[in-house]
Each structure stands twice: as C-alpha cells, then as structure tokens.
Amino acid sequence: MDTLNYEVLAKSGYNGYILKNAPEKVLQFGEGNFLRAFVDYWFDLANEKADWNGKCVLVQPIAPGLAKMINEQEGLYTLYLRGSENGKKVDDKRVISSVSRCLNPYEEEGFKQMMDVAASDDLEIIVSNTTEAGIVYDPACKLEDVPASSFPGKLTQVLYHRYKAGKKGILMLACELIDNNGKELLKCVNQYIDQWGLDDGFRKYVNEDCTFCGSLVDRIVPGRIRDPKEVAELEQKHGYADPLLDVGEVFGVWVIEGDTKLNDVLPFRKAGLESRVFVTPDMSPYKKRKVRILNGAHTGFVLGAYLAGFDIVRDCMHDATVLGYMNKMLLDEVVPILPLDQEDLQEVRRRCAGPLQQPVRQP
C-alpha cells in the first residue's frame, strides 16, 4: 500500500481540510508525537478556521529523528483524537497539513536550511518541546558548532543569525515541562551571549525585540498505534499507509504566559479556540487547576480503587462508586477553593472526569 503524501491522499478520497502551500511562519524544535498531536494540531485548526495561512518547519533536537520519514510524507500525517467529551465517545480522524518539512541540523545541509528559515521574512514564531532535559546551559557549546549540542545553544545560533540578517524579533513559545520554561530558556540564551562574547545590540534584540513566553501544555498523547491488526485495519480504511500516524486524547489546553495583547497576534482567538489556547499574564492558577483537578483526581482515588481490584483509569471511570467518590471530592473539596471562574472550573472537571453519573460497570 502506498505511503501517505499529497498525491496518495488525493487518490484516497479524503475530503477533510488540507492546505498544501503556505509561508513557513513557525520554526519548531521537536518533531515527536506530542508536538505533532498538540502544537501542530492547533496551527492546523488556525489554518482552517482563521485562514492563518502558515506552515511549521520542524527541527530534530537530537541527531536521531524523524526528518527523513516526515519529508517522504511531505509533512502530512494522520491524527486521531480519542476519548470522551460531554459523555460521548470521540474518535476523530484528521490529516494534519500544517507541517511543511523537517530538518536535521546535524547534517550540514539541514543546518544551513535551519539558518535560512531563521533569516526568513515569513518567520514569526519559534516553538520548542525538547523534553525536561532540553532547557539546559552547556558551556561546551560554541557559536561555530554545526550545530550547538544543547537546544538553548542552537536557539542562540538561530537568533544571532536572524539578528545579523536584520530581521524582526520573534515570539518564543517554550512547551517543556519545567517551571518557568520561557524564563529559564531566556536565561540560558543570555548565558551564551556572555560566553560567546556577542555584542550588546544582540543582547538588546533577544531581551527586548524577541518575546519569550512560558507555557503550560495539557494533552495525553499515547502516540503511534502498536497493535499490528489495528494498523492494518486503518490502512485499509484510509487507503494509504502512515507510519507517522499519531494518537492523542481529545482534551487539550495550551496556556501561554505573556501580555494578553498576544491573543490578537496569535491566530487562536480568531479561530474560535480561546477556551483551549490562550494567553494570560499569569499561568500559575491554570497550573494549579491542572494539578488539582486532573492529577489530584487520580491521586485521590487510586489507592482505594487499586485495593478494590482496578488496574486502569478507564475501568475506574466506569464504576459508579469510584466515579461518585472522585466527583464528590472534586466538587466539594477541590473546585471551590481554586482561584478561577467557577463555571470554567466545572467545565474542566467535566472534560477531565466526565459526567456526574454513569452506569455501574458490568462484570
């Protein structure tokens, strides 16, 4: 069976939204399952719903990666969002077309292409998710490295090249799962400016012309499907093979910390996604919301549920006793004390925990 690309997709009869050509507005460090099921998904919706007309160029943060496979598929991949929403089962398929290509900067040509994107007039945003270990200052990195081994080192190289080309500052959206991710990344870049003896004009460019935003990301992404039988069934259904097929839960929220004016710069409000992707001056209440409603719900029922014989969360959510206990805990003890709009909190609880009543699990 043919592997997914634009020609194969057209022959398959797919009738969903597809954007083949658009300016490359985003440089994204990270090409793994999470970013493709989360960040690139939101930009894909912005293309469809807000006519954002932009593409994301992906960059491998480490030498082994998916660049060759992504480029063979012309950036296309199939995304399934699965789960439950408003008490109904969701299993939505979407072919993502917001990715143009993927670069391997550990190859000389890939590094050059990354620098060409850095100096482009179209570039507006840089996004990263290089894992919790990605935002780290490594003094062994040098400006002349091809590329610098650390992600902040690569970012400094990219920004310095853009600065020397006389291009405007960019918006940096850090998605790594560490506290103050944007501020920590900016701190590392400033350390390289000091170490590499870069000029004061560049320091001003980074700290004043560029905007570094921290962010909170929330979506469970299991990634590829591992059951060969299900893979074969989907290939027959789709009419193409897709080794880059990705799976995420339907629930997703991206909270970006920064000046709320950025809500008008980013395409998400115009796309009607403001309840899922938005900018706020302080994301700490939203982190508390996530930790206490989502993580706290699991922590609250896991010991009793495990002793009752449950091994996975899905089965717990199909048992009236465990579900009732969890919802009572959230409604009576967690939601009322969180410093956010109560209707919004109830909506998050519904998305995370489901309806208040469900039938007892059948044996």
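The values are calculated or read from the model by the stated rules, or taken from the named source; none is laboratory data. Please read these numbers as outputs of a predicted model, since none were measured by experiment. Note that we place each Cβ from the backbone using ideal geometry, even for glycine, and neighbour counts take in every protein chain shown. For accessibility, only protein heavy atoms count, side chains too; no ligands or nucleic acids. Shrake-Rupley method; radii C 1.70, N 1.55, O 1.52, S 1.80 Å.
Listing for the model above:
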quantity: Filtered residues of the range 116-144 (kept if touching a residue at least 12 places away in the same chain (Cβ under 8 Å) and farther than 26 Å from Ile256 by Cα); calculated: Asp138, Pro139, Cys141, Lys142, Leu143
quantity: Qualifying positions in the range 214-237 - assigned to a strand (DSSP E or B) and surrounded by fewer than 16 Cβ atoms within 10 Å (Cβ to Cβ); calculated: none
quantity: Strands (runs of 3 or more DSSP E) contained entirely in the range 50-117, each with at least 2 residues that are open to solvent by 30 Å² or more (accessible area, probe 1.4 Å); calculated: 77-85, 88-96, 99-103
quantity: Residue match in the range 229-244 (condition: closer than 23 Å to Asn129 by Cα and under 19 Å from the mean Cα position of the chain (by Cα)); calculated: yes
quantity: Selection within the range 173-202 - over 24 Å from Gly30 (Cα atoms) and surrounded by 15 or more Cβ atoms within 10 Å (Cβ to Cβ); calculated: Gln195, Trp196, Leu198, Phe202
quantity: Whichever residue in the range 1-18 is part of a loop (DSSP other than H, G, I, E, B), open to solvent by 30 Å² or more (accessible area, probe 1.4 Å) and more than 19 Å from Asp91 (Cα to Cα) and, among such residues, is modelled with the lowest pLDDT; calculated: Met1
quantity: Test: Asp218 is out of contact with any strand residue (DSSP E or B) (no Cβ under 9 Å at 6 or more places or on another chain) and either aromatic (Phe, Trp, Tyr) or at negative phi (or both); calculated: no
quantity: Residue list for the range 265-322, restricted to those being open to solvent by less than 40 Å² (accessible area, probe 1.4 Å), in contact with an Asp or Glu (Cβ under 8 Å, 6 or more places away or on another chain) and under 18 Å from Leu338 (Cβ atoms); calculated: Thr280, Met283, Leu294
quantity: Helices (runs of 4 or more DSSP H) contained in the range 126-213 and holding at least 1 residues within 22 Å of the chain's Cα centre (by Cα); calculated: 151-164, 181-195
quantity: Selection count where residues are over 18 Å from Lys89 (Cα atoms) and either in a helix (DSSP H, G or I) or of a type in the set (Gly, Ala, Ser) (or both), scope the range 306-319; calculated: 4
quantity: Subset tally (residues that are open to solvent by 10 Å² or more (accessible area, probe 1.4 Å), in contact with a helix residue (DSSP H, G or I) (Cβ under 8 Å, 6 or more places away or on another chain) and closer than 21 Å to Leu155 by Cα) for the range 21-49; calculated: 2
quantity: Selection status of Asp91, over 24 Å from Cys175 (Cβ atoms) and touching a residue at least 40 places away in the same chain (Cβ under 8 Å); calculated: no
quantity: Flag if Phe251 is modelled with pLDDT under 95, open to solvent by less than 20 Å² (accessible area, probe 1.4 Å), over 20 Å from Ser97 (Cβ atoms) and in a helix (DSSP H, G or I); calculated: no
quantity: Among (1) open to solvent by 50 Å² or more (accessible area, probe 1.4 Å); (2) more than 22 Å from Gly16 (Cβ to Cβ) - the single one Ser120 does not satisfy; calculated: (1)
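Every residue, every condition in (1) of a type in the set (A, V, I, L, M); (2) part of a helix (DSSP H, G or I); (3) at pLDDT below 85; (4) in contact with a His (Cβ under 9 Å, 6 or more places away or on another chain), yes or no:
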residue: Tyr325; (1), (2), (3), (4): no, yes, no, no
residue: Asp332; (1), (2), (3), (4): no, yes, no, no
residue: Leu340; (1), (2), (3), (4): yes, no, yes, no
residue: Leu345; (1), (2), (3), (4): yes, yes, yes, no
residue: Val348; (1), (2), (3), (4): yes, yes, yes, no
residue: Gln358; (1), (2), (3), (4): no, no, yes, yes
